[in-house]
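One structure is given here, and the rest of the page talks about it.
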Amino acid sequence: MFLKNSIPMQIRMQLQARRLQLIFLIICLCSFFINARPFLIVISQDDLKDAASPDDSSDSANYESAEWDEFGEPESQNAAQELDPGTWRPIFEPDSPASDPDAPEDLYYTALGKMMTAVSSGDLRLMEDAVGDIDQVAVESGDPHAQSVLGLLYGMGIMKETNKAKAFMYHYFAAEGNKQSKMALAYSYFRQEMYEKAVKLYAELAEVAINSLLVSKDSPVIEPVRIHNGAEENKQALRKSRGEEDEDFQILEYQAQKGNAGAMYRIGLFYYFGLRGLRRDHAKALIWFAKAVDKGEPKSMELLGEIYARGAGVERDYTKALQWLTRASKHPSFSAYNGIGYLYVKGYGVEKNFTKAKEYFEKAANNDESGGHYNLGVMYLKGIGVKRDVKKACTHFIVAANAGQPKAFYQLAKMFHTGVGLKRNIPMASALYKLVAERGPWSSLSRWALESYLKSDIGKAFFLYARMAELGYEVAQSNAAWILDKYGEQSMCLGESGFCTDAELHQRAHSLWWQASEQGNEHAALLIGDAYYYGRGTDVDYDRAAEAYMHAKSQLNAQAMFNLGYMHEHGLGLPFDLHLAKRYYDQALELDPAARLPVKLALASLWLRKNHADSFLVHVIDSLPEVYPKIDVWVEDVLLEEGNATILTLFACLLTVLYLRERQRRHAVVRAAAAAAAAAEAVPLHPNDHVAAQN
């Protein structure tokens, strides 16, 4: 089978509801995963509420409060500990201000620390002790964080029998006090299409996730890094995640030290948000922003305004925040307009003034700033300083969401959830809430997993990705499965009573790939199809293989189409249909020009099968799948045996040398004969020869 591998955003606000109903809006929301499929939302007139008046008074009960929004104040220093109780941060960042100083003395954290050491070193006895301590804490005190860990152990079959029912039970009881268990529970409902239950949990988690976003502009999306690109390690993405050890970062730091204001700003940005593999360090960020401001760099002025508004590393000071944002807006920095508007609407450092707030939000929105559209949407949604107009609010949220604004995702999800402005659509609401919820403080697991992987601590990386996998992160599911396939025993995969057997390892990888494929990972779907087709880690099942390939084909994957063509050609898991087979082969070639050779060979086989069904060549082609494994075994057992391989290599080299020398000798003889013939023609004939010739 084929081997794998000008009009900016000036959308005019329509005053009439009927005008909006005629617009067919397609929003391509930027994915939160590197190299993953885009998230596509289609909002048509059927999604819009036909009978609603512009003020949607019938739905006002869902938005009774005239408060600015339902989110809390800008984040405090210990936000992660407050928003993610039981966080694993004290294990990985013990010096972080967000870590509980008493955590190391806690038996739960002591057991968790033992567990991390055990998965790094492969110490089974230490792992048994850690699991025993977790059991003790969970049973004796009913600790929700220990129960959450037990949910992971039973779900993955780590030093416990694999028992999905027990895993669900522990997460269910832990969910009230542990947000990670709530994520696992929501994902479990989501997979089973129990959307009414999933949407409730995801709505709560999404609100937590955005509760500490910035004032004027949001943090860049910090995606979990996909450590592979299919069959190979994703070296480029990994290189960019090495933090201060990255050569590009060192060059940038050198430029900043030499006085380059842009480089100073970028380094400050990396430290402030924790980008490119760096740990968040607000103190370092403040130093670099201050240096950049001295050089007149305007974007650093805006970030200083953010820092003072949030109290990130400094004492919160809204007056200074307004000063810096105002200076930044004069350069201009359009997102700074949004920040100033926010201060006016909340009355921070200034007298509350909705009219001025609206003016600043409009300035930001008119200059393609998504935060301005989001804030205008909130004003129209709640009737703050303007007449309430849910249709206008919906339009602003759509524009903001199209630019990747996470709060806009949340508001659209809520509109689908409650039926305000949009027809109630619980599956869509669940999917949007899930996207937002995955940005919560528990997403730090991804950074710690990546750091472990870069340090070649494969066991710890796998364990952390496995934790994220049960929370529903597709990238983590893919990464964990790839680690199992790539590293095998080195992954420190732990089974029910020790290291994973081959069967347990294959089954665990299969389960993770399957979950990733359900969420649109086409490579995962292909691997699942191959597993069922060839019987890798499972029984041969052509029907399920075809189902997996169809799933990958829906992602416009050329290899999946080739595979489906092959199965139609041979009647394996799909009806025998040469016309459909040809169609799939042609589509594979259209999608991927690199498939030209295998497609041409397949089409030739198809022609033979159609025109000479019982010929000798068709029988030879049909026998290849049976012959190939035998050849493969012979190559592995005979040719690749170390001594035989050496002898055969030397013999092949000798034959090659002899062949080339013989070829060279023959060419020399031919050239000599040609030269002699040419010389003979060049010598003039003797006069007597002419006479003789005439006679």
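The values are calculated or read from the model by the stated rules, or taken from the named source; none is laboratory data. Given the structure is predicted, the values throughout are model-derived calculations rather than measurements. Glycine also receives a Cβ, built like all others from the backbone with ideal geometry; neighbour counts cover every protein chain displayed. With ligands, DNA and RNA removed, areas are computed over all heavy atoms of the protein, side chains included. Shrake-Rupley method; radii C 1.70, N 1.55, O 1.52, S 1.80 Å.
Using a/c under 1.5 as the rounded threshold, could you call region 432-552 rounded, prolate or oblate? The axes a ≥ b ≥ c are square roots of the C-alpha gyration tensor eigenvalues, and prolate needs a/b larger than b/c, oblate otherwise.
oblate
In whole Hz and in residue order, list the ³J(HN,Hα) couplings for region 297-307 that follow from phi through the Karplus curve 6.51 cos²θ - 1.76 cosθ + 1.60, θ = phi - 60°; x for Gly and Pro.
7, x, 5, 5, 4, 5, 5, 5, x, 4, 4
Amide H neighbours of L494 under 5 Å, at least 5 residues apart or on other chains, H built in the peptide plane: list them.
C500
Per the Cauchy relation, a quarter of the hull surface: what is the mean projected area of the convex hull of the alpha carbons in region 106-212, in nm²? Could you put the intermediate results ahead of the total?
Details: hull surface 29.8 nm².
Taking the Cα atoms of region 106-212, their convex hull projects to 7.5 nm² on average.
How far is it, in nm, from the label point at D294 to the one at N229 when both lie 7 Å from their Cα along the line to the Cβ?
Calculated label separation equals 4.1 nm.
Return, ordered by residue number, the residues of region 254-278 whose backbone nitrogen is under 19 Å from a label point located 7 Å along Cα→Cβ of E244.
Residues passing the 19 Å test: 254-259, 263-278.
Debye sum, Cα scatterers, region 403-486, no solvent: what log₁₀ I/I(0) at q = 0.17, 0.19, 0.20 1/Å?
-0.72, -0.80, -0.84
Whole-Hz ³J(HN,Hα) for each residue in region 496-505, computed from phi via Karplus 6.51 cos²θ - 1.76 cosθ + 1.60 with θ = phi - 60°, x for glycine and proline: what do you get?
Ordered by residue, 3J(HN,Hα) equals 5, 9, x, 5, 4, 6, 4, 5, 5, 5 Hz.
Using 1/(1 + (r/R0)^6) with R0 = 35 angstrom and r between the beta carbons of D95 and Y487, what's the FRET efficiency to the nearest 0.05?
Plugging the Cβ-Cβ distance into 1/(1 + (r/R0)^6) gives 0.70.
Let me check something: with ligands and nucleic acids excluded, how do I458, I287 order by accessible area (1.4 Å probe), largest to smallest?
Greatest to least solvent exposure: I287, I458.
According to the square roots a ≥ b ≥ c of the eigenvalues of the Cα gyration tensor, what is the shape class of region 228-442, taking rounded for a/c under 1.5, prolate for a/b larger than b/c otherwise, and oblate for the remainder?
Because a/c hits 1.5 or more and a/b fails to exceed b/c, region 228-442 counts as oblate.
Express in Å², to the nearest 10, the accessible area of E204 obtained by rolling a 1.4 Å probe over the protein heavy atoms while all chains stay in place.
70 Å²
Quick one: what are the phi-derived ³J(HN,Hα) couplings along region 327-344, Karplus 6.51/-1.76/1.60 with θ = phi - 60°, whole Hz, x for glycine and proline?
4, 5, 5, 7, 8, x, 10, 5, 5, 5, 4, 5, x, 5, x, 5, 4, 5
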